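Have a look at the structure below, then the notes.
The values are calculated or read from the model by the stated rules, or taken from the named source; none is laboratory data. No experiment lies behind these values; they were computed from the predicted model shown. Counting neighbours? That spans all protein chains shown, and the Cβs are built from the backbone with ideal geometry, glycine included.
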Number of protein chains: 2
Amino acid sequence: MTERAETSADSDPSLANEAETRRSADSSERAYTTIRKLLVEFKLKPGERINEVQLSRSLGVSRTPIREALNRLASEGFVSLTPNRGFFVRSLSTEGLLDLYELRSIIESAAFKLMCERAEDSEIDRLRQYWEAIVDGYRDQPPDIILAEDEGFHLLIAELSGNPELVGQLASINARIRFIRRIQIEHPSHDKAQITSHSAIVEAAVKRDAENGAKLLREHIEMTVSATQQALKDALLKVFAPDNGADLKRRRRARDA
Amino acid sequence: MTERAETSADSDPSLANEAETRRSADSSERAYTTIRKLLVEFKLKPGERINEVQLSRSLGVSRTPIREALNRLASEGFVSLTPNRGFFVRSLSTEGLLDLYELRSIIESAAFKLMCERAEDSEIDRLRQYWEAIVDGYRDQPPDIILAEDEGFHLLIAELSGNPELVGQLASINARIRFIRRIQIEHPSHDKAQITSHSAIVEAAVKRDAENGAKLLREHIEMTVSATQQALKDALLKVFAPDNGADLKRRRRARDA
DNA sequence: GAACGCAATAGTGTCGACACTTTCTTGACG
DNA sequence: CGTCAAGAAAGTGTCGACACTATTGCGTTC
């Protein structure tokens, strides 16, 4: 009964970003995407210890691919490993999230400047087209699509910077904050400010106005952050529902250990 | 004869940077540092396929910890994984190296600005002290020490930015370009320009002159890059000694695959 | 003599088992 | 009653084995 020839073709392309090194098809890869999804959706709760045996049973594979996936996730900052004690879900406190957004802002505004210096006109035009193609129906899409389109927009800027390392970095950061972006998109506070921001950014790109575009991006991200604050609180409260937010502090402390 | 209770306490602290999640003591960790060292020293050559069995034999452990280490190294960009074909040493072409330095420059100058905004006076003073404590004997140290001190200096700035994600990023980049920095330090072109740069940066920090300090850092890194170009060529020629640089192009192409 | 295909070989991907470490339980002692 | 220790249980870290995939080398056919 250990045969693993299951027919479930549940590859979930919505999580298949990561401009990185790895193809799919093996069960280690499946484990990786599945676990990451669990993390991103708070099915595995911040601070929690991850039980390899249990996970391997529920995914129907042995512990080996599970551990390989967890190792990757550790390198990427999703989980942490304490020797002989196992993997722990790294809690993304509000604070840690701000750090991540800050880093993202740094990278993206730098990417924009580089793009202005280096990209061909035709490439800039690709950015414009990308945005114009989605702007119309933007608000009517389901959250996952909006999220993907939004990430795609920012990632395209990174690509046009001509620096693949930069792209990889941004992709990795995106993966880690994706859950909160989704929450934010679903939250009532999400509105068309996003759209005008993006349009302004495209405009600056066409003009190759590096400074202004970088500033717009910074502001755009900062705006998103503050809009996200409340959404995050709501989400965390929902996760640690029963008792009040009291044990939030405890988990925050556990993070540095 | 599979007992693994070897007494060799060869932990090699010079490679033990990585402000990350992991403690040591298990053989997976040893495998990680050892393999990374092999990569960094070109013992495993760019483009080469990594034979797990062979590696596991030469390290005296089974393939499991080897594979865990390789997975980590893949996340960090040292190697790449092609399913059913194995891990390959990711070739660091000149171009790729420039990308990495560029990213480093972006992160460091941003870190400097943040430090200026946020750090306590006492923290800035720590930076000043750190540099003053090493500046005198700086040039007389062995390369590894110089390297560590240099990395420490830049890493300290990142820490004073107050953003741990930024620190982690920089640490990871450092690990990847460390080999070339060492080569550059040993190269005749390395001289005291480094020292005056650092001193100027400290000075800007004390004055909290964010713009100027960031500019100095950018220039400092750019200078290092150009000084490094020749050193890199020399090193690569040494590695691919017999034939001329012809197959360099081939490897470059193999990189994107 | 070259191209093709097939067999043998080498190598990765995953498994189940076991040693060792941490955590939990229970019961003796103060 | 609370504290502590010893043993049991749970869990991680590593191993060797095996299935399956890619590669290599050889023989066959045209």
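Numerical summary
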{"quantity": "Test: A:VAL40 is over 21 Å from the mean Cα position of the chain (by Cα), outside the structural domain of A:SER161 (by TED's automatic domain parsing) and either surrounded by fewer than 21 Cβ atoms within 10 Å (Cβ to Cβ) or more than 16 Å from DNA strand C (Cβ to nearest atom) (or both)", "calculated": "no"}
{"quantity": "Test for A:GLU52: is it surrounded by 13 or more Cβ atoms within 10 Å (Cβ to Cβ) and modelled with pLDDT under 95", "calculated": "no"}
{"quantity": "Filter pass, A:SER199 being without any contact (Cβ under 8 Å) to a residue 60 or more places away in the chain and among the small types (Gly, Ala, Ser)", "calculated": "no"}
{"quantity": "Residue within the stretch A:68-78 that is over 19 Å from the mean Cα position of the chain (by Cα) and more than 14 Å from chain B (Cβ to nearest Cβ) present", "calculated": "no"}
{"quantity": "Hits in the stretch B:91-118 - residues which are charged (D, E, K, R) and more than 8 Å from chain A (Cβ to nearest Cβ)", "calculated": "B:GLU95, B:ARG104, B:GLU108, B:LYS113, B:GLU117, B:ARG118"}
{"quantity": "Unique match (being farther than 30 Å from A:ALA111 by Cβ and either modelled with pLDDT under 75 or surrounded by 12 or more Cβ atoms within 10 Å (Cβ to Cβ) (or both)) among A:ARG255, A:ARG251, A:ARG218", "calculated": "A:ARG251"}
{"quantity": "Test result for B:GLU29, in a helix (DSSP H, G or I) and in the same structural domain as B:LYS207 (by TED's automatic domain parsing)", "calculated": "no"}
{"quantity": "Hits in the stretch A:64-100 (condition: of a type in the set (Ser, Thr, Tyr), more than 13 Å from DNA strand D (Cβ to nearest atom) and more than 22 Å from B:LEU81 (Cα to Cα))", "calculated": "A:SER91, A:SER93, A:THR94"}
{"quantity": "Answer from B:ALA119, B:ALA111 - the residue that is of a type in the set (Gly, Ala, Ser), at pLDDT 95 or above and more than 22 Å from the chain's Cα centre (by Cα)", "calculated": "B:ALA119"}
{"quantity": "Criterion (among the hydrophobic types (A, V, I, L, M, F, W, C), touching a residue at least 60 places away in the same chain (Cβ under 8 Å) and either in contact with a Phe, Trp or Tyr (Cβ under 7 Å, 6 or more places away or on another chain) or within 14 Å of DNA strand D (Cβ to nearest atom) (or both)) met by exactly one of B:VAL61, B:VAL40", "calculated": "B:VAL40"}
{"quantity": "Any hit, the stretch B:192-208, residues being more than 29 Å from B:GLU117 (Cα to Cα) and outside any helix (DSSP H, G or I)", "calculated": "yes"}
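Each row is one residue, and each column tells you yes or no for (1) within 16 Å of DNA strand C (Cβ to nearest atom); (2) surrounded by fewer than 19 Cβ atoms within 10 Å (Cβ to Cβ).
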| residue | (1), (2) |
| --- | --- |
| A:ARG67 | yes, no |
| A:LEU70 | yes, no |
| A:GLY86 | yes, yes |
| A:LEU92 | no, no |
| A:LEU98 | no, yes |
| A:ILE106 | no, no |
| A:SER109 | no, no |
| A:CYS116 | no, no |
